[in-house]
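The values are calculated or read from the model by the stated rules, or taken from the named source; none is laboratory data. Predicted, not measured: the structure shown is a model, and the values here were computed from it. All Cβ positions, even for glycine, are placed from backbone atoms using ideal geometry, and neighbour counts span all protein chains on display. Side chains included, ligands, DNA and RNA excluded: accessible areas come from the protein's heavy atoms. Shrake-Rupley method; radii C 1.70, N 1.55, O 1.52, S 1.80 Å.
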Amino acid sequence: MNSPLPDVPEVRVVGLPHVTAGFDLVERLALPMHLKVHGALDPINGERLAQLADDVALNGRGGAGFPFSRKLRAVASAAIRRGIRPVVVVNASEGEPACRKDTVLVCRAPHLVLDGALLAAEALGARTLVVAVTRDSTEASVRAALDERGLTDKRNSPLRARVVRTPERMVSGEASAVIRAVDGGPALPPGRRERAAESGVGGAPTLLSNAETFAQLAVAARLGPHRFGNTGDSSEPGTVLLTVSGAVARPMVVEAPTGVPLRYVLQMAGAPSMPQGVLTGGYHGSWLNAVAAHDAALSRASLSALGGALGAGAILPIGAGTCALGEALRVARWLAAETAGQCGPCRLGLPAAAAGLADVLGGGGPAALEALREVTGAVKGRGACKHPDGSARFLASTLAAFTDDLAAHVLGGGCGRPTMGVLPLPAPGYQDEGVPSGEKVVVDWTLCEGHGLCADIVPELIRLGPDGYPLVADAAVPAHLRGRAQRAVRRCPALALRIERTAPAALPQVSRKALGSGRS
């Protein structure tokens, strides 16, 4: 497909719809139609709501899969202990280019999401509700839904409800980044790990969960655990929302019961009958090879047992005609440029890992592969947020899933296939603060004398190798580092640095010097 996903792709259903009920009737369920389709919803007290979430095994649908009941009980306990009203936050920030399920829900069924959030707010005694969104379409839909319900942010309102806009960035959807944005700060992780249930928005205990999670909670509250459990796998009842893209005829969002074979959903979207691999869980997820993808079912347990991940519900097959490692390199470079720039594993490790994969593809041989494995291992478990871990998981899974391609690139002259760019990435011009500027730092190795000033000025992009020569991250310069990159260029005594525009339509060029000595 080689193009960004539309805001609201086609929606398909396997079996009977739960969260997408009514989508066949209207494009967007306004409040009157929402009530006709789903019916009214009575309040539920805190322990009964937590028990309901337990009974239907409701886990977070934003990626981590944390049990919702544990979050609910933790927030209630903290609020009682501290004597503070808690806050409820709907995280509809969907900054990953391969995910659209939450955008579809918020745009087409906003009141189902609000139902779940308001259930939780009533059960907890919360007086503040915040919905964090990423796009114009989701912001407009939520604001309209709040107006339809008469919910405002006025001081005298029994429940103050507001919308917060976050940038379209991978790291902006992380829980701590959303909380910072709600508090008026940058939508970036704070560089330290804190439990939102203890101290979140304004320091208050905060229940923050994904938009689909709240929608599933609203469905479970209406159906009850028995009827809800009649759909899907008994250990993970209900349905899941998936965004299916990559090498497919029609990118789409699919609602399917858990336990349905993954291959059935891939066939619906027009994926190759024998994909070379299927990326599960999105760009922080894991690859399945063709055999595993054929055997996998739509459940966390099934995907995990085969080495995959449900994650944020993104499913991306690739065909046999593209270079799998080249596809992974495009994503690795984008992930490196998405850094919050607040810890070494993220701002240094991810660009180095992307450069290492480029070196492998460029013919760097076993030494380049070993260097890549070392960098990826060093990143894992050391970041201040989940972005480094997720990116390292993606890279490690790539190396494990495509061993034949890897051998062809490391030991031979490459796999012989082009990189077709089937994995969706944002279009040029989507940038906000901290995202790629469309420029990169280039070193003229015939002039470089190894002074090292550049590494002092912008260590996020340039570090010194053992020989004192610079190792330059083979990734786009984030917009928030552009000024320092320009200063490094101006201060180079040997005039060996320059900044070049990257060609938007072309695939990135491989540089073998990315992890080399820096000498020509």
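Quick notes
- Taking amide H positions as modeled 1.01 Å from N, with prolines and chain starts lacking one, the residues under 5 Å from ALA161 and 5 or more places away or on another chain are LEU129, THR152, ASP153, LYS154.
- Shape analysis of region 99-181 based on the Cα gyration tensor places the equivalent ellipsoid semi-axes at 21, 15, 12 Å, largest first.
- Extension gain for ALA249 to ASP24 (0.36 nm times residue separation, less C-alpha to C-alpha distance): 78.9 nm.
- Which of TRP334, SER273, ALA320, positive extreme of dipole for region 225-348 (C-beta unit charges): TRP334
- Restricting attention to the chain, lysine pairs at least eight places apart or on different chains and with alpha-carbon atoms under 30 angstrom apart total 13.
- Using a probe of 1.4 Å on the protein chains alone, the accessible area found for ARG333 is around 20 Å².
- Accessible surface of region 181-286 [probe 1.4 Å, protein heavy atoms]: carbon and sulfur percent: 50 percent
- Exposed GluC sites (Glu not before Pro) absent: longest stretch of the chain, with sites in DSSP loops and at most 15 other Cβ within 10 Å deemed exposed: 195-432
- Among 82-92, 67-77, the order from most to least packed when residues are scored by Cβ within 10 Å on average: 82-92, 67-77
- Alpha-carbon gyration tensor eigenvalues x 5, square-rooted, for region 284-442, Å: 23, 20, 16
- Helical contribution to [θ] at 222 nm, DSSP H n ≥ 4, -39,500 (n - 2.57), averaged over the chain, rounded to 500: -11500 deg cm²/dmol
- Region 124-282 - accessible surface per residue (Å², probe 1.4 Å): 36 Å²
- Amide H partners (placed H, <5 Å) of SER209, local residues excluded: VAL89, ASN91
- Rounded to the nearest 0.05, the FRET efficiency derived from the C-beta distance between PHE66 and GLU449 at R0 = 41 Å is 0.20.
- Compared with the rule-of-thumb size 2.2 N^0.38 Å for a compact globular protein, the chain has a Cα radius of gyration ratio of 0.99.
- Whole-number accessible area per residue in Å² for region 375-427, which is evaluated in the context of all protein chains at 1.4 Å: 42 Å²
- Within the accessible area of region 67-161 (1.4 Å probe), percent carbon and sulfur: 49 percent
- Per atom type, region 293-357 shows carbon and sulfur on 59% of its accessible surface, probed at 1.4 Å.
- Residue-wise HN-Hα couplings along region 316-332, as the Karplus relation 6.51 cos²θ - 1.76 cosθ + 1.60 with θ = phi - 60° gives them from phi, are 9, x, 10, x, 6, x, 10, 7, 4, 5, x, 4, 5, 5, 4, 5, 4 Hz; Gly and Pro carry x.
- Residue by residue, region 236-252 carries 3J(HN,Hα) couplings of 9, x, x, 10, 10, 9, 10, 9, 10, 8, x, 7, 10, 6, 9, x, 7 Hz when phi is fed to the Karplus relation 6.51 cos²θ - 1.76 cosθ + 1.60 (θ = phi - 60°); x denotes Gly or Pro.
- Inter-site label distance for ARG227 and ASP404 at 7 Å from Cα along Cβ, in nm: 5.0 nm
- Cα centre as origin, Lys/Arg/Asp/Glu Cβ charges: the chain dipole, Debye: 1060 debye
- VAL442 paired with ASP295, simple spin-label distance in nm, labels 7 Å along Cα-to-beta-carbon: 4.8 nm
- Added length on full extension, which subtracts the Cα-Cα distance from 0.36 nm per residue, ASP153 to GLN267: 36.5 nm
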